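Step one of this worksheet: look at the structure below.
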Amino acid sequence: MPEIHPRAHRLQVSMHVFVRGEDASGVPFDMEVDSTNVSRGGLAFVSPLEIAMDAEMEIVVERPPMGPREFPPLFTSGKVVRMVKVAEGGFNVGVEFTGPKLMIFAAETPLEAPEKPA
């Protein structure tokens, strides 16, 4: 099986997310979940339902305030790009945003310590 490489820097952060779509059997669902990670281009969450690969969904991501600033929710759409059964039950779902992207601010690489003068 080929190794899967993320397309964007991921933040291991829990954000409250509302998702709406159809499960693998075509039954509509509305679900509230917490993300397991997020990136500018998508997110992952654990679902009790199996969702078909490439399934389209509507997504609302609640963004927590940063200091005194509050941010409105992100209303977007996405498609399922990863579906993995987890040992604890349920499925790890990876979603790529097909609508507006999530603006996040994080260093792509760890900051290096400044050099000490000789």
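Results, tabulated for the structure shown:
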{"quantity": "One residue from ALA118, ALA106 being at pLDDT below 95 and open to solvent by 80 Å² or more (accessible area, probe 1.4 Å)", "calculated": "ALA118"}
{"quantity": "Within the stretch 74-86, considering residues that are of a type outside the set (Ser, Thr, Tyr) and surrounded by 14 or more Cβ atoms within 10 Å (Cβ to Cβ), the one farthest from GLY21 (Cα to Cα)", "calculated": "LEU74"}
{"quantity": "Contacts under 8 angstrom Cβ, first residue in the stretch 63-75 being under 18 Å from LYS101 (Cα atoms), partner at pLDDT below 85 and exposed (fewer than 10 other Cβ atoms within 10 Å of the Cβ), 6 or more apart", "calculated": "PHE71/PRO65"}
{"quantity": "Flag for GLU32 being at pLDDT below 95 and surrounded by fewer than 16 Cβ atoms within 10 Å (Cβ to Cβ)", "calculated": "no"}
{"quantity": "Residue satisfying condition, being of a type in the set (A, V, I, L, M, F, W, C), under 17 Å from the mean Cα position of the chain (by Cα), at pLDDT below 90 and surrounded by 10 or more Cβ atoms within 10 Å (Cβ to Cβ), within set ALA8, ALA55", "calculated": "ALA8"}
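The values are calculated or read from the model by the stated rules, or taken from the named source; none is laboratory data. Quick caveat: nothing in here was measured; it's all calculated off a predicted structure. Please note: Cβ atoms are built from the backbone with ideal geometry, for glycine as well, and neighbour counts cover all protein chains shown. Just so you know, the surface numbers come from the protein's heavy atoms only, side chains and all, with ligands and any DNA or RNA stripped out. Shrake-Rupley method; radii C 1.70, N 1.55, O 1.52, S 1.80 Å.
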